[in-house]
Every structure is written in C-alpha cells, then in structure tokens.
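The structure under discussion appears below in the form of structure tokens.
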Amino acid sequence: MGVRQHLTDLKSKGLAEQTQEERQTRGRPVHMWKLSKSGHARFPDSHSQTTIELIDVIRSSLGEESLNQLIDDRSEKIESHYRAQLDATAPELQQQIERLAKLRSEEGYMAEVRLLPDGWMLIENHCPICSAATSCQQFCKSELEIFQRLFENEATVKRTDHLLAGARRCAYKITAHGA
C-alpha cells in the first residue's frame, strides 16, 4: 500500500507513468510502472550529449557506413567478452542466460531472467545507452545480433519489447532449439 502511494505521488508530479496491466495466470493483474521523460531527466546522463555529438560528427564526417562499422567493431569486442565469460562459467543454457543477465546488470542494464513455460525472458529494465541508441538504432540492432550469435547453437533469441518502440523496457525471449 505504501509503495502504491509513493507511485501515485510520483505520477501526480509527472515523474512516473502507469503502463498497461499485465495479466497473470493467478491472482490480480500486475500494474507496471515506468519513469516518465521528466522522471528520467532526474537521473542525468552527463555522457549522453557528448555521445550524441560524437555520433553526429562521425556520421557527417565519415558517413553512415563508417559509423555502422565502428558499432560493429564495438559489438565484436562485447561479444568476445561475453563469450569468454559464458564459456568459462556457465555450461548449461539457463546458467548462460543468467550469467549474461549478470554481465548486463554490471553494465547498468538492470537485467533479470524469468523462466517461461517454453523458455526464458531476458529483461533489461534500464538502458544506459538509450541516448546513443535513440540517435543511432544500429546499437539496438547489434545488441540483438550479439544475443542471437551467443546462443545460435542452443536457442532462438527474439526481441519482444523494445524501449525505443515505446515499451517500458527491452526484453528478449530465448527458446531452446527443439522446445
């Protein structure tokens, strides 16, 4: 009850918004909340303006293709790091997904894993590169491709929620091959 009062207060101040309710198999529907644009502004990202400016300079000086190549190079480095961490510490698919969520959380994505009847949901409750991704959607594309390559021999990865498409978070459904 106390949490609901705080959320209602944040909503009245324009700092939070209630998203549509999510139905559950049992019990009452779950009401989800997210920060509004004003709410996000309370958590300033001092790097975002510099990042957006750098993206614009690269795009105008070197072209879109060069910008995409830089992002692809960054993605290869990230994927290599993830692969080393997953191979070293997580032999089973579920352990790999949980380890990936931990790695993503360490990077600021506030990631979690939920078990589904037919797989897993990797949920990222925050996007620390949202400003850059808004300016250049290649970041989002490469993120999905990294996840797909990490699990390509064991599972299918599909984005189900996308922050830039208006969802309250980014989420990926991971389904084991043959499931």
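The values are calculated or read from the model by the stated rules, or taken from the named source; none is laboratory data. Model, not experiment: these values are computed from the prediction. As a convention, Cβ positions derive from the backbone with ideal geometry for all residues, glycine included, and neighbour counts pool all protein chains shown.
Could you tell me whether Ile58 is assigned by TED's automatic domain parsing to the domain that holds Arg99, hydrophobic (A, V, I, L, M, F, W, C) and in contact with a Phe, Trp or Tyr (Cβ under 9 Å, 6 or more places away or on another chain)?
Spelling it out, it is not the case that Ile58 is assigned by TED's automatic domain parsing to the domain that holds Arg99, hydrophobic (A, V, I, L, M, F, W, C) and in contact with a Phe, Trp or Tyr (Cβ under 9 Å, 6 or more places away or on another chain).
With the checklist (1) farther than 30 Å from His177 by Cβ; (2) loosely packed, with under 12 Cβ neighbours inside 10 Å; (3) not aliphatic (A, V, I, L, M) in hand, flag the one item Glu106 doesn't pass.
(1)
Here is a list of conditions, (1) touching a helix residue (DSSP H, G or I) at 6+ places or on another chain (Cβ under 7 Å); (2) not in a helix (DSSP H, G or I), and Gln85 meets all of them except one; can you say which number that is?
(2)
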